[in-house]
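Peer 1: Shown below is the structure under consideration.
Just so it is clear, none of the values below were taken in a lab; they were calculated from the coordinates. Keep in mind that what you see is a predicted model, and the values were worked out from it rather than measured.
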Amino acid sequence: MSEELSVGEATADLLKELVAEVKSLRAEITSLKSENAMLTKAMDDPATMMRKAGWLRAITPMADEVYDPLNRELGDGGSFTSAFNSGDGAMIEKRSVDEELRMWQSMEAAMPPKISPSSRNYR
């Protein structure tokens with residue numbers, strides 16, 4: 001009789017544990033479903049998702065208003081009128097890579113030398 005009672009108690013304990021596990025799994029599934037719904041809603045509006053992540057919205061100019069140094073369709077003049085000026089005739093000229101390199105080298109040569117604290121003589 002005591003064996004039947006202990007088998008019945010063991011079965012009851014096992015069923016209680018199974019019920020508790022099923023309840024915890026059901027709670028996790030409910031949590032995951034709500035999180036999935038929230039993420040799906042965020043993916044429908046990426047601007048909101050990015051704003052919540054801390055990104056700021058920036059508006060860039062149209063492609064026609066931007067100077068493109070690789071634009072090869074300028075003709076013989078080599079320059080065009082900027083879309084940002086007020087019509088005073090300011091021109092942006094295209095430079096070759098060699099001219100750009102020489103210009104950067106001359107600017108670098110004009111900079112004062114860097115003096116680190118360890119190279120100074122304090123005495």
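Peer 1: Among the lysines, which fall within straight-line cross-link reach of residue 52, defined as a Cα-Cα distance under 29 Å, with same-chain neighbours fewer than 8 residues apart omitted?
Peer 2: Cross-link targets: 33, 41.
Peer 1: How are the alpha carbon pair distances in the stretch 2-52 distributed across 10 Å bins from zero to the largest one, expressed in percent?
Peer 2: Spelled out per bin, shortest first, that is 22, 23, 18, 15, 11, 8, 3.
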